[in-house]
Amino acid sequence: MPFQSAGCHPGLPKTREAAWEWAESEGLDLSVPARKKMIRTRPELWISLIFPKASQDHLDLFCQWLFWAFLVDDEFDDGPAGRNPLMCEKAITRLVDVLDGAAPNGPMERALAGLRDRTCPGRSPQWNRQFRRDTAAWLWTYYAEAVERAAGQVPSRSEFAKHRRDSVAMQPFLCLHEITAEIDLPDSARSLPAYIALRNAVTDHSGLCNDICSFEKEAALGYEHNAVRLIQRDRGCTLQEAVDEAGIQLARIAERVQRAEKELIQEIEAAGITGPTRAALERCVQDYRSLVRGDFDYHARAERYTRPDLVELDERDSLSQYFAA
């Protein structure tokens, strides 16, 4: 890992408390297994490692987004909706509609509406377009996976790499980074080839790191949408050989981050970008390094990934009650 840690936000305990209080206030009544899983997941740790210098208010808000996102992830990766395309389509359609301003029904939709209303007003049109695109694209990856499972299909490694860029849900948090960094990139900056490459590399690193660390947990659940599993299937190799290859790929992605940083500085100069836009892009270069490192460190510390022996099979045949209208 070539990037230095920027530390952990000292407000982590307050953020953890605020997240659970928020969940209770939104009616997100987690079952005992779901509560145990969320405690092992430690969303407050990830957000505190990713945003070590955020204000406490931003840290709390972003953690509540992450808490909500992990509930979505567990529902559609592990629950019955991930095996039932019709159930999945209906639920995801509703969430995307609420993201777009529809009236919410049920605790998960109301929680999303509240997060949306605390986050998006006051942001620029270009920021809102990017955040909406990234969040909706992430949500629809669950439907794509449900359909592939039902059809008995497994994506190729190249297909999965493209899919994973959205499914890891890192890109919405790169949008949230702009809030705490007090920047708002114009469309011209978002369109720079090197900025796109940097954003993609940061996201790809998170996706592959997650796959390496969650392989055992997901294997226990019969979950095939994992880069390590796809390497193993493609090469017909042992698990350790697949993990080793994934580790080599992870190092190469870190090199892509560094290369994109250098190319972005060159493009800033070539395009004659100055003033606030230049400062905003330079802030992204600076902060994305510690973001990659924070994500890497989180996966080594959260029991969601370090204790696959604690995984419990989800044998429900309907959505969790907080998804119900």
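Things to note:
- Overall form of region 13-319 per C-alpha gyration tensor (a/c, 1.5; a/b vs b/c): oblate
- Anisotropy class of region 102-186 from Cα gyration tensor, a/c 1.5 cut: oblate
- Taking Lys and Arg as +1 and Asp and Glu as -1, the other residues whose beta-carbon sits under 11 Å from that of Leu250 total -3.
- Within the chain: Cβ-based charge dipole about Cα centre, in debye rounded to nearest 20 (Lys, Arg +1; Asp, Glu -1): 440
- Length gained when the stretch Asp97-Gln258 is fully extended (0.36 nm per residue, less Cα-Cα span): 54.2 nm
- Charge sum, other residues only, whose C-beta stays under 11 Å from Met170's C-beta, Lys/Arg counted +1 and Asp/Glu -1: -1
- Of Lys14/Lys37; Lys90/Lys217; Lys36/Lys217; Lys14/Lys36; Lys37/Lys162, pairs whose Cα-Cα distance is over 23 Å: Lys90/Lys217; Lys37/Lys162
- Taking 17 Å as the straight-line reach from the Cα of Lys53, the aspartates and glutamates in range (excluding those fewer than 8 positions away in the same chain) are Glu44, Glu178, Glu182, Glu282, Asp287, Asp295, Asp297.
Read-outs: derived from the displayed coordinates by stated rules, not from any lab. None of these values were measured; they are calculated from a predicted model. Here the Cβ is made from the backbone with ideal geometry for all residues, glycine too, and neighbour counts use every protein chain on show.
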